[in-house]
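One structure below.
The values are calculated or read from the model by the stated rules, or taken from the named source; none is laboratory data. Remember, predicted model here, so these are calculated numbers, not experimental data. Cβ: placed from backbone, ideal geometry, glycine included. Neighbour counts: every protein chain shown. When the accessible area is computed, the model is the full protein with side chains, heavy atoms only, and any ligands, DNA or RNA have been set aside. Shrake-Rupley method; radii C 1.70, N 1.55, O 1.52, S 1.80 Å.
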Amino acid sequence: MACHLRRLLLVFLAAVVATAAPALAIFHFDFRFDTDGPFSGGMMSRHDMWRRRAAESKARDAKNSARLAKAVGKGGGVDDITAPDVTITPYTHQGHWLTVGIGTPPQPSKVILDMGSDLLWTQCSLEGPTAVQEEPVYDPSKSSSFSLLPCDSKHCEEGTFTSKNCTDKRCAYENYYGVLTATGVLATETFTFGAHHNASVNLTFGCGKLTNGTIAGASGILGLSPGPLSLLKQLAIPKFSYCLTPFTDSKTSPVMFGAMADLGKYKTTGKVQTVPLLKNPVEDIYYYVPMVGISLGSKRLNVPTESLALKPDGTGGAAVDSATTLAYLVEPAFTELKKAVMEGLKLPVANKTVDDYPLCFELPRGTSMDGVEVPPLVLHFDGGADMALPRDNYFQEPSPGVMCLAVVQSPFKGAPSVIGNVQQQNMHVLYDLGERKFSYAPTQCDKL
């Protein structure tokens with residue numbers, strides 16, 4: 001356990017403020033941890049990393065699109081909206097991860113951060129044979145703080161699962177993650193964060209298993225979406241921020257919660273800008289921002305503002321996601337960007353196709369993408385804020401000598417545009433859930 005927890009740097013500030021009633025208290029859970037990237041410690045080339053992440057980005061988007069389509073009444077499941085032009089593969093290397101302790105005494109569990117789901121869950125021996133993972137499988141029989149939740153519990157009734165039923169008076173659930181399926185039961189348990197200054201809290205979680213595949217050797221998922229079971233909702237955390245290092249650098253990425261999530265406390269390489277956080281009226285899968293236009297360099301693209309707007313029926317809009325690699329744009333925004341890139345980039349279009357990338361260019365012989373200058377891709381938001389993306393935030397080199405646009409078309413009519421993690425790399429972003437604001441600033445993330 002110590003080997004894994006040494007990866008986790010946590011600064012913990014806790015205060016218990018007594019109220020007029022001695023039985024009540026306010027617990028401020030303000031902390032930072034440094035997450036490992038999806039390929040940390042591996043020997044994969046950066047070209048292989050890009051290809052793997054692109055394929056898995058498609059699977060992740062298909063999973064969330066299926067949930068969104070179901071929520072807004074546009075479809076009944078993954079098969080309705082992903083075949084045959086969207087290739088589905090497990091998105092096992094999509095996110096950043098950390099190790100937490102589960103139970104009393106703590107048992108180490110490696111969990112993937114996921115902003116597209118809310119449930120915190122881990123594989124556990126209660127559910128029988130589990131998928132391969134690095135740590136020993138969590139065993140609730142060895143914990144004095146484990147307790148199953150009944151079907152009439154608040155979290156069982158409020159939870160948004162793919163399916164749910166009561167088995168032996170237990171709250172049993174099933175969730176889809178791309179082609180992966182996770183099943184389990186809801187329970188409560190003590191979770192311990194930190195290597196040196198431990199902070200322990202009681203949380204509702206899923207005690208379950210993957211019925212197929214693995215998640216990169218991890219034990220489970222830590223959901224950070226706006227949903228009712230997320231860590232944020234359970235602990236009433238008002239804001240959080242993260243700063244993602246490029247995943248090809250294999251460096252840790254800091255994530256801050258509570259009082260530590262404050263862009264003014266950290267050095268940035270550009271100005272801090274703030275836009276409203278929008279709420280989807282019918283679902284809580286994503287965090288939405290008011291994107292109103294796109295430019296390539298100084299050229300504003302012919303994209304109608306209404307095509308980017310979040311509609312009253314829950315369709316469309318622009319979402320921010322920390323675990324999707326490729327960016328997604330709705331029509332006509334994608335077509336306009338593709339046309340502008342082809343006109344502006346003075347390179348021949350590649351004859352060979354690269355899976356999961358819609359547009360690729362041939363690099364000059366002996367030249368990598370690092371030697372090519374391209375104008376920034378600028379996302380415009382309501383109120384005048386802009387997010388300028390440099391070359392490495394919207395182009396990738398998935399094969400030597402081939403440079404590809406890391407932006408694809410949203411998979412079906414009504415799906416949102418998505419600002420993914422590559423677009424956010426070396427950008428410190430903050431979600432203020434209390435004030436409903438999204439702030440960001442260019443930052444050298446490995447220096448925080």
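Being within 24 Å of Thr335 (Cβ to Cβ) and either surrounded by 18 or more Cβ atoms within 10 Å (Cβ to Cβ) or not assigned by the TED database to the domain that holds Ser399 (or both) is the filter here, so list the residues in the stretch 355-368 that pass it.
The answer is Asp356, Tyr357, Leu359, Cys360, Phe361.
Looking at Ala441 and the list (1) of a type in the set (Gly, Ala, Ser); (2) within 24 Å of Thr248 (Cβ to Cβ); (3) modelled with pLDDT of 95 or more; (4) open to solvent by 20 Å² or more (accessible area, probe 1.4 Å), which single condition is not satisfied?
Checking Ala441 against (1) of a type in the set (Gly, Ala, Ser); (2) within 24 Å of Thr248 (Cβ to Cβ); (3) modelled with pLDDT of 95 or more; (4) open to solvent by 20 Å² or more (accessible area, probe 1.4 Å), the one that fails is (4).
For the stretch 398-417, what are the residues that are under 13 Å from Ala333 (Cα atoms) and in a strand (DSSP E or B)?
Listed by number, the residues that qualify are Val407, Val408, Gln409, Ser417.
So in the stretch 243-252, with the set limited to residues that are in contact with a strand residue (DSSP E or B) (Cβ under 6 Å, 6 or more places away or on another chain) and within 16 Å of Asn393 (Cα to Cα), which one is surrounded by the most Cβ atoms within 10 Å (Cβ to Cβ)?
Applying the filter and picking the extreme gives Cys243.
In the stretch 108-152, what residues are touching a Lys or Arg at 6+ places or on another chain (Cβ under 8 Å), open to solvent by 20 Å² or more (accessible area, probe 1.4 Å) and of a type outside the set (A, V, I, L, M)?
Glu127, Gly128, Pro129, Thr130, Gln133, Glu134, Pro150, Cys151
When the stretch 306-339 is examined, which residues are found to be among the acidic types (Asp, Glu) and either over 18 Å from Gly420 (Cβ atoms) or surrounded by fewer than 24 Cβ atoms within 10 Å (Cβ to Cβ) (or both)?
Glu306, Asp313, Glu331, Glu336
Restricting attention to the stretch 342-353, does a residue exist that is under 30 Å from Trp97 (Cα atoms), part of a loop (DSSP other than H, G, I, E, B) and open to solvent by less than 30 Å² (accessible area, probe 1.4 Å)?
The answer is no, given that none of the residues of the stretch 342-353 is under 30 Å from Trp97 (Cα atoms), part of a loop (DSSP other than H, G, I, E, B) and open to solvent by less than 30 Å² (accessible area, probe 1.4 Å).
Which residue pairs have Cβ atoms under 6 Å apart, sit 6 or more places apart or on different chains, and have a first residue in the stretch 91-103 that is outside any strand (DSSP E or B) and among the small types (Gly, Ala, Ser) and a second that is at pLDDT below 90 and open to solvent by less than 10 Å² (accessible area, probe 1.4 Å)?
If the second residue must be at pLDDT below 90 and open to solvent by less than 10 Å² (accessible area, probe 1.4 Å), the pairs left are Gly95/Asp114; Gly95/Ala323.
Considering every residue within the stretch 266-288, establish whether at least one is within 21 Å of Ala415 (Cα to Cα), assigned to a strand (DSSP E or B) and either open to solvent by less than 40 Å² (accessible area, probe 1.4 Å) or hydroxyl-bearing (Ser, Thr, Tyr) (or both).
Yes, because at least one residue in the stretch 266-288 is within 21 Å of Ala415 (Cα to Cα), assigned to a strand (DSSP E or B) and either open to solvent by less than 40 Å² (accessible area, probe 1.4 Å) or hydroxyl-bearing (Ser, Thr, Tyr) (or both).
Across the stretch 186-218, which residue is surrounded by the most Cβ atoms within 10 Å (Cβ to Cβ) among those that are out of contact with any helix residue (DSSP H, G or I) (no Cβ under 7 Å at 6 or more places or on another chain) and within 15 Å of Gly128 (Cα to Cα)?
The qualifying residue surrounded by the most Cβ atoms within 10 Å (Cβ to Cβ) is Gly206.
List the number of the failed condition for Gln423; all other conditions in (1) touching a residue at least 12 places away in the same chain (Cβ under 8 Å); (2) surrounded by fewer than 22 Cβ atoms within 10 Å (Cβ to Cβ); (3) under 30 Å from Asp262 (Cα atoms) hold.
(2) is the only condition that Gln423 fails.
Residue check: is Gly414 open to solvent by less than 40 Å² (accessible area, probe 1.4 Å) and on the phi > 0 side of the Ramachandran plot?
Yes: the conditions hold for Gly414.
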